[in-house]
């Protein structure tokens with residue numbers, strides 16, 4: 001029986017050009033640089049997970065499957081971009097970027113009220129509100145990154161929302 005186990009370093013050195021060619025054939029819409037990025041990304045993740053001192057069997061099959069999965073992930077995430085000129089030529093409605101002055105003034109006033117209300121929040125409440133609402137972070141991500149309990153962050157966000165509602169309501173009745 002033939003020994004088909006190689007070290008990861010040997011496989012990367014010997015097969016890298018073949019990996020890039022495979023990715024280019026599989027995803028013909030990818031450029032050479034994008035294909036190299038896919039290969040580098042997969043190899044990086046494998047490198048961090050494999051025991052480099054022991055030989056690995058069927059690593060090539062694993063790598064090619066990982067390349068296919070990474071390409072699928074890229075296609076799922078890719079959203080086609082559409083230019084405003086193309087929308088206009090197709091007769092599709094464009095957003096009204098030059099709204100009437102009253103609407104623009106109302107937007108500015110609301111933005112100013114929101115900024116003032118955010119500035120009035122305690123720093124930790126403001127940080128959680130901005131990270132979740134504007135930054136799009138999850139509470140779990142913040143708990144890990146900030147070293148805070150999840151429940152604490154949820155409570156801070158709740159208090160921030162209630163305080164913002166109060167402040168914005170008060171500022172709208174004053175105006």
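General remarks:
- All of 138, 103, 132, 81 fail the test of being surrounded by 14 or more Cβ atoms within 10 Å (Cβ to Cβ) and at pLDDT below 90, apart from 132.
- Of the candidates 168, 150, the single residue that is surrounded by 11 or more Cβ atoms within 10 Å (Cβ to Cβ) and under 24 Å from the mean Cα position of the chain (by Cα) is 150.
- Residue 61 vs. criteria closer than 30 Å to residue 17 by Cβ, modelled with pLDDT of 80 or more, assigned to a helix (DSSP H, G or I) and in contact with a helix residue (DSSP H, G or I) (Cβ under 6 Å, 6 or more places away or on another chain): no
- Test for residue 34: is it modelled with pLDDT of 80 or more and more than 30 Å from residue 153 (Cβ to Cβ): yes
- The condition of being assigned by TED's automatic domain parsing to the domain that holds residue 36 and either at pLDDT 75 or above or at positive phi (or both) holds for residue 73.
- Here region 40-51 is the region considered, the condition is being surrounded by 12 or more Cβ atoms within 10 Å (Cβ to Cβ) and more than 13 Å from residue 69 (Cβ to Cβ), and the residue that is modelled with the highest pLDDT is 40.
The values are calculated or read from the model by the stated rules, or taken from the named source; none is laboratory data. This structure is a prediction, so every number in the text was calculated from the model and none was measured. For neighbour counting, all protein chains shown are included, and Cβ atoms are generated from backbone atoms with ideal geometry for every residue, glycine included.
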